[in-house]
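Enquirer: Structure in C-alpha cells, see below.
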Amino acid sequence: MRNTARWAATLGLTATAVCGPLSGAALATPSSAPASLYAPSALVLTVGHGDSAATTTPERAVTLSCAPTASGTHPAAAEACAALREADGDFEALTAGGDVLCTREYHPVVVTADGVWQGRRVTLRHTFANECEKDASLASVVFSF
C-alpha cells in the first residue's frame, strides 16, 4: 500500500511539473514584438596562403559582429564595421583608396568572408598574388588581423 501511495505522489508531482507551466500566462499568445531592433551582421573572415579558397587552409580567422555594436575577435572591430557600413556590406566596393606599387612576387593570399550583413547572406572568396596586392585592393582594416 505504501508503494502505491508513493507511486501516486510521484506521478502527481511529475504531472504538475510537466503540465503546470502549460496553464495561465504560459498559454497566452506570443508577443509580436521583434526579437531585435537590428538586422544581424555577423561575419567570419579568414586569410591564408594558397592558390584557391577550396585548397587553402586558413592561417588566421576572426569573427566580426557589427550590430548593435562592433564586437568579435577582430582586433579593430569598430573600424572594420565602419568600412563595411560605408560599402553597404559589398566586399567588392572595399578599396584601399591609394596608389600602391607592389612587387611582382607570386606568393598567393586567399581571403574569405562568410556570414550575414544586415540580414542578407554574403560570401567572398578572392585570391591575390601577394600580401601587398591584398592590402592595396581591399580596405586594409577589414582583412588586417
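Enquirer: Would you confirm whether any residue within the range 74-84 is assigned to a strand (DSSP E or B) and either open to solvent by 80 Å² or more (accessible area, probe 1.4 Å) or closer than 14 Å to Leu43 by Cβ (or both)?
Expert: Looking for residues that are assigned to a strand (DSSP E or B) and either open to solvent by 80 Å² or more (accessible area, probe 1.4 Å) or closer than 14 Å to Leu43 by Cβ (or both), one finds none in the range 74-84, hence no.
Enquirer: While we're on this one: Is it the case that the range 92-110 has a residue that's at pLDDT 90 or above and assigned to a strand (DSSP E or B)?
Expert: Yes.
Enquirer: Further question on the same structure: Considering the range 85-111 alone, what residues qualify as being more than 14 Å from Ala42 (Cα to Cα) and in contact with a Ser or Thr (Cβ under 8 Å, 6 or more places away or on another chain)?
Expert: Hits for the range 85-111 are Thr95, Ala96, Pro108, Val109, Val110, Val111.
Enquirer: Continuing with this model, one more query. Out of Ala113, Ala136, I need the residue that is in a strand (DSSP E or B), small (Gly, Ala, Ser), farther than 16 Å from Ala70 by Cα and touching a strand residue (DSSP E or B) at 6+ places or on another chain (Cβ under 9 Å). Which one?
Expert: It is Ala113.
The values are calculated or read from the model by the stated rules, or taken from the named source; none is laboratory data. Since this is a predicted model, take the numbers as computed values, not measurements. When we count neighbours, we look across all protein chains shown, and the Cβ atoms used for this are built from the backbone with ideal geometry, even at glycine. For accessibility, only protein heavy atoms count, side chains too; no ligands or nucleic acids. Shrake-Rupley method; radii C 1.70, N 1.55, O 1.52, S 1.80 Å.
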